[in-house]
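Before any comments, here is the structure.
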Amino acid sequence: MMKKVINIISVVTLLALMLALVPAPTLAQQEVKCETDVVVQADDTLSKIADKVYGNPQAYQAIADATNAAAATDSSYATITNVNVIAVGWKLCIPPAAAAAEAMTSAAPAPAPAASGATRKIGFLAGVQDPFYFTMQRGAEQAAADFGAELVVQIPENWNATVQTPMLDAMVARGDLDFLFLAPVDKEAMVAPLQKAADSGLPIITNDTFIGDGE
C-alpha cells in the first residue's frame with residue numbers, strides 16, 4: 001500500500017465543501033448582451049470555447065451565465081444546468097470580453113491578511129483544464145486565502161499521465177511545498193510517480209481517482 005498518500009473516497013463531499021466556500025460568478029441579469037453566438041460542436045466543452053474566445057479557459061462561467069440569462073427571454077439559447085455538460089447543437093451566448101472579465105474579477109477570492117511566520121505552500125495539481133477542476137481550484141484558492149497559505153497551481157491541458165507526471169515531478173523538486181493535493185489522471189500509470197513523490201517525504205492527498213494496490 002502506498003505510504004503517506006491519503007485517498008479521499010468521497011469527492012462529492014469535498015466538492016460540496018469547496019462550493020460552499022466560493023459561490024459561482026454571475027453576470028448582471030438586468031441586461032444581457034451577446035457579442036456573438038456559438039453553436040456547440042463535437043468535443044466542445046465550455047472551457048475550450050472560453051479559451052478560443054477569450055484566451056482564458058476559466059471564463060467558462062461567464063458564458064454559462066450569459067447563456068442562461070439570454071435563455072430567459074429567448075428559447076433559442078440553451079439552458080445550462082451543469083457547466084460540465086453541454087450538447088452538440090446548443091446555442092450559446094458569448095458576452096463581450098469586458099463583461100466576462102468583470103464577472104471573473106467579481107468571483108476572485110479576496111486576499112487574506114498575511115499570516116505571521118512562514119507562509120505554508122500547498123501544491124494543487126488537477127486532472128485537466130475543464131469546469132470540474134476549475135471549480136475545485138476556486139475552492140482551494142479561497143481556502144488557501146482564508147488560512148493565509150500560498151496555492152501553487154498546475155492544470156494539464158490534456159488528460160494524460162505523460163503530461164501530468166512531469167508536472168508532479170516539478171512540484172516535488174521545488175522542495176518548498178508543505179503538502180500536495182492531486183487528482184491523478186490514471187489509476188495505474190500514476191502509481192509509480194506518486195510513490196516516488198511520497199517517498200520524498202511530501203504528504204500527498206489524492207482525489208477523484210483512487211490510487212493504491214487494492215488492499
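The values are calculated or read from the model by the stated rules, or taken from the named source; none is laboratory data. None of these values were measured; they are calculated from a predicted model. Glycine gets a Cβ as well: all are built from the backbone with ideal geometry, and neighbour counts include every protein chain shown.
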So which residues in the range 58-78 are closer than 13 Å to Val39 by Cα and either surrounded by fewer than 22 Cβ atoms within 10 Å (Cβ to Cβ) or polar (S, T, N, Q) (or both)?
Thr67, Ser76, Tyr77, Ala78
Here's a check for you: in the range 171-215, which residue that is more than 22 Å from Phe134 (Cα to Cα) and among the polar types (S, T, N, Q) is modelled with the lowest pLDDT?
Ser200
Would you check which residues across the range 81-98 are over 18 Å from the mean Cα position of the chain (by Cα) and either within 15 Å of Asp37 (Cβ to Cβ) or not in a helix (DSSP H, G or I) (or both) and list them?
Ala87, Val88, Gly89, Trp90, Lys91, Leu92, Cys93, Ile94, Pro95, Pro96
Mind counting the residues in the range 138-171 that are polar (S, T, N, Q) and surrounded by fewer than 18 Cβ atoms within 10 Å (Cβ to Cβ)?
4
Checking Thr165 against (1) modelled with pLDDT under 90; (2) within 17 Å of Thr209 (Cβ to Cβ), which test does it fail?
(1)
Would you confirm whether or not the range 179-192 contains a residue that is touching an Asp or Glu at 6+ places or on another chain (Cβ under 7 Å), touching a residue at least 12 places away in the same chain (Cβ under 8 Å) and part of a loop (DSSP other than H, G, I, E, B)?
yes
Residue count, the range 146-171 (criterion: in a helix (DSSP H, G or I) and out of contact with any strand residue (DSSP E or B) (no Cβ under 8 Å at 6 or more places or on another chain)):
7
Of the residues in the range 142-161, how many are farther than 21 Å from Thr45 by Cβ and without any contact (Cβ under 8 Å) to a residue 60 or more places away in the chain?
8
